[in-house]
Every structure is written in C-alpha cells, then in structure tokens.
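First comes the structure, then the notes that go with it.
The values are calculated or read from the model by the stated rules, or taken from the named source; none is laboratory data. Predicted model, so just to flag it, every value in this text is computed and none were measured. Cβ: placed from backbone, ideal geometry, glycine included. Neighbour counts: every protein chain shown. In case anyone asks, the SASA skips ligands and DNA or RNA and just uses the protein heavy atoms, side chains included. Shrake-Rupley method; radii C 1.70, N 1.55, O 1.52, S 1.80 Å.
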Amino acid sequence: MARVYVSSVIAAPATKVWERVRDFNGLPRWHPRIADSQIENGEPSDKVGCIRNFRLQNGDQIREQLLALSDYDTFCTYSILESPMPIENYVATLRLTPVSDGDRCFVEWSAEFDCSPDVEADVSNGIATNVFQGGFDALKRHFGG
C-alpha cells in the first residue's frame, strides 16, 4: 500500500479555510487543477455518500465519493471511484486544525492507495505535488499567505 502525506500552515483561521474547502463540489473554486465539478443525482454536496464527477484542466475525468465529513473536527474523507491514474483502493483525508498561536491553521492531506511498484514513486509524487501541495499553495494565495 502506498501512502502520501503533505502538510502546511495557512495564514487564516481554520473556520475560514474550512468555509472555502468544505463544499465537496467546490474544488473548481479553490484548486487550480480543477476545471469543473458536479454532484451526481442532484444530491447535497455535504451528504456522505454523494459522488462528485469533475474534470481536470487537462480534460481528465475523476469520480470521487464522500465517505465522511465533520464540521466539528474540520475534515473530510473521500475515495476515488474512477480515475485515469493507475491506482486502486484510494482513500484520502483533508484535515484542518486550528493553530492556537495566531490566526492560522495546520492543514494536512493524506492518502493511501494500491498501485504497481513500478509506478508508485511517480504516482505518489504527482499526488503530493500537483494535488495536495498545489491545493495548499492556492489556499495560501487566496488567504494572503
């Protein structure tokens, strides 16, 4: 099983960052690699079990299912159902934690998945850099950090 973990600090309160990232259908509003997204079957975007179908800027399609969402603990967990990446059993969690020293928050994004050993390093680096760190960098720019 492959594991990817990226963390950062954003110069904004966790409640403000959570407002921006909480919407499971809202990726195009904050992640630069996402062109558009829709929740299938018209379900609410915060309903556990809903499926988002989104398109990357390069045209690739990905379908993900929301597995857990907590406003109290400010995290969401989701799985990939369909993706052009050579992976299986992908489950990821995006979590925000308030930093008590100033109006900042600690953000962490992690994933576990299966893939063949010959592509594990490339896939893991791509997820860490393009997806996780790319999202954090966009949030930092939005919040002025």
Over region 1-71, what lengths in whole Å, largest first, do the semi-axes of the equivalent ellipsoid take, defined as the square roots of 5 times the eigenvalues of the alpha-carbon gyration tensor? 20, 17, 14
Taking a ≥ b ≥ c as the square roots of the Cα gyration tensor eigenvalues, with a/c under 1.5 meaning rounded and otherwise prolate when a/b beats b/c, else oblate, which class fits region 93-145? prolate
When the label point is put 7 Å from the Cα of Glu120 along its Cα-to-beta-carbon vector, which residues of region 79-94 have a backbone N closer than 14 Å? 87-88
At 222 nm, what value in deg cm²/dmol follows for the chain if DSSP H runs of at least 4 each add -39500 (n - 2.57) and the sum is divided by all its residues, to the nearest 500? -5500 deg cm²/dmol
Roughly how tilted is helix 117-126, in degrees to the nearest 10 and between 0 and 90, from the longest Cα axis of the chain? 30 degrees
Once both labels are modelled 7 Å past Cα along the beta-carbon direction, what's the Leu81-Glu43 spacing in nm? 0.7 nm
Net charge dipole size for region 1-69 [Lys, Arg +1 and Asp, Glu -1 on Cβ; Debye, nearest 20]: 220 debye
Length gained if Ala11 through Gln61 is fully extended, taking 0.36 nm per residue and subtracting the Cα-Cα distance, is 14.8 nm
Based on Cβ point charges of +1 for Lys and Arg and -1 for Asp and Glu, what charge dipole magnitude is obtained for the chain about its Cα centre, in debye rounded to the nearest 20? 540 debye
From the Cα trace of the chain, what convex hull volume per residue do you get, rounded to a whole Å³? 101 Å³
One finds, for Arg29 and Glu112 with R0 = 30 angstrom and r their Cβ-Cβ distance, a FRET efficiency to the nearest 0.05 of 0.65
Where the accessible area of region 6-90 is counted over protein heavy atoms with a 1.4 Å probe, how much of it, in %, is carbon and sulfur? 45 percent
